[in-house]
């Protein structure tokens, strides 16, 4: 049966090649090869808002403001229309009439050609669907409003590129095509998680839009079978209820149940707000506090010691922001000094200490003496950027970075500074770092992740006692994993022995191997495995640790399983914050 009908924009053939599936509601219908009437009835009854009128039969709006406007080309091999007619002439002037999509060449050599050769032919269903999907992807990925398909200049652009294509309406995009694409991607992601994710960590955070609506996002992260760190957005939904621990618990469990991950959660990373920490505990999950959030609180507390300097700098920046004349003089002075391109001053944001550093740094670049403050905050900026990555493993860096911060603050505290404010800031900063990050290597999940990172192992710890304790817990967990593996292997080995038969010359040997494998002490095997792993040299810090584990998964099978559970955990909840940064564009004033 031909698939030229517009109805096939909403249906696809099922895997059994017998039924078809509705892209809007996923209902399966019988595929009648001679008629689409049952499909049309389904759309009209279940999805009455869908417009089944073929877009190619609609009246096209005029795409040229002036009927005397002409397109001129000076290149050879000019494509005249969708019929791929090639005009082999050096210069051709094509005039587009106002009332019909006909291209009439001025050269007399075309007089004998049939007029249908110059008419805009409608696209086939498959080609139209491809372009529809690309338009939708552009809107979704680049955060354009759906109303762009009603933008006169955008319509004219697409008409010039392909006169046979007619844009879907705003309603068709939002009510029909978007749900179909969402369902397709949702099913692919769900299947990928089901096939690849044995252990999953999640992050969650909330955000308030410009319309004062609250949203909650949940992301998941796991290490797949190819030892790649994968990340997906599971849900971003509007929440009108109070942010009580009980309500948050119910919201999180509902998302996890929808994706079938109830038994896969390794940990949940959030900020340090009491309600969400309690909610994670009510879910029965291991909680990981956001490293970046703790770092932000430590620096914000320390910055209070230099509040006078901060206020003065903020006042200077505010003056140049409020006065166009002052900003213009600043640009002119920079140009005279040869500073190109001119630098604009940066104002800080109360909830983001990074912006204070950037404000101080920009003032410093303009010769204002704030170098000491920038030097103190430089380490914190670098660590915040690196620990917030979701493309690489971050949980195992937490102990190492905490150690580096403690060492940095201890060194700064021994130096002499002319400014009492700066001295107080450094003292407070050291106190905050010790309070918030000092105990981190004693926390099991961080310690185990550090040991299982082949770049750090025992060298990431400040105290050897913390390493020794984490090694014991890893041995216990590796023992449990070994027992599980042995229970899985035992029936397979015994079945293999039975299959070979009593007359085989390998029978005695196979029975001996089977007995050896089954009788191996799990604890002893775990100790041997981790000792061998720790004795092996560290890999360079810039090497891909997941690739190393992929190459050595058969050498350290128990540790490999534990690694996937530990290193999939993120040290920060920044991925959710990034979702909201994008949401700020999605829920923009133009999209309200």
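The values are calculated or read from the model by the stated rules, or taken from the named source; none is laboratory data. Because the structure is predicted, anything quoted here is derived from the model rather than measured. Positions of Cβ are backbone-derived with ideal geometry, glycine not excepted, and every protein chain shown enters the neighbour counts.
Observations on the model:
- Helices (runs of 4 or more DSSP H) wholly inside the range 215-327 containing at least 1 residues that are at pLDDT 90 or above and either more than 30 Å from residue 409 (Cα to Cα) or not assigned by TED's automatic domain parsing to the domain that holds residue 390 (or both): 245-258, 274-283, 291-303
- Among residues that are within 20 Å of residue 449 (Cβ to Cβ) and buried (at least 16 other Cβ atoms within 10 Å of the Cβ), residue 283 is not included.
Residue-wise test of (1) out of contact with any helix residue (DSSP H, G or I) (no Cβ under 6 Å at 6 or more places or on another chain); (2) over 30 Å from residue 304 (Cβ atoms).
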| site | (1), (2) |
| --- | --- |
| 431 | yes, no |
| 449 | no, yes |
| 467 | no, yes |
| 471 | yes, yes |
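- Of all residues making up the range 31-55, the number that are touching a helix residue (DSSP H, G or I) at 6+ places or on another chain (Cβ under 8 Å), under 26 Å from residue 182 (Cβ atoms) and modelled with pLDDT under 80: 7
- Breaking point among (1) closer than 21 Å to residue 266 by Cα; (2) free of Cβ contacts under 8 Å to residues at least 24 places away in the same chain; (3) in contact with a strand residue (DSSP E or B) (Cβ under 9 Å, 6 or more places away or on another chain), for residue 203: (2)
- Looking only at residues in the range 100-121 that are surrounded by 18 or more Cβ atoms within 10 Å (Cβ to Cβ) and part of a loop (DSSP other than H, G, I, E, B), the one that is modelled with the lowest pLDDT is 103.
- Any hit, the range 392-402, residues being out of contact with any strand residue (DSSP E or B) (no Cβ under 9 Å at 6 or more places or on another chain), outside any helix (DSSP H, G or I) and under 23 Å from residue 548 (Cβ atoms): yes
- Among the residues of the range 547-560, those that are surrounded by 19 or more Cβ atoms within 10 Å (Cβ to Cβ) and touching a residue at least 40 places away in the same chain (Cβ under 8 Å) comprise 549, 558, 559.
- Only residues that are assigned to a helix (DSSP H, G or I) and either surrounded by fewer than 20 Cβ atoms within 10 Å (Cβ to Cβ) or in contact with a strand residue (DSSP E or B) (Cβ under 9 Å, 6 or more places away or on another chain) (or both) were counted across the range 437-451, and they come to 6.
- Conditions (1) part of a loop (DSSP other than H, G, I, E, B); (2) without any contact (Cβ under 8 Å) to a residue 60 or more places away in the chain: number failed by residue 454: (2)
- Scanning the range 390-420 for residues that are over 31 Å from the mean Cα position of the chain (by Cα) and surrounded by fewer than 16 Cβ atoms within 10 Å (Cβ to Cβ) yields a total of 11.
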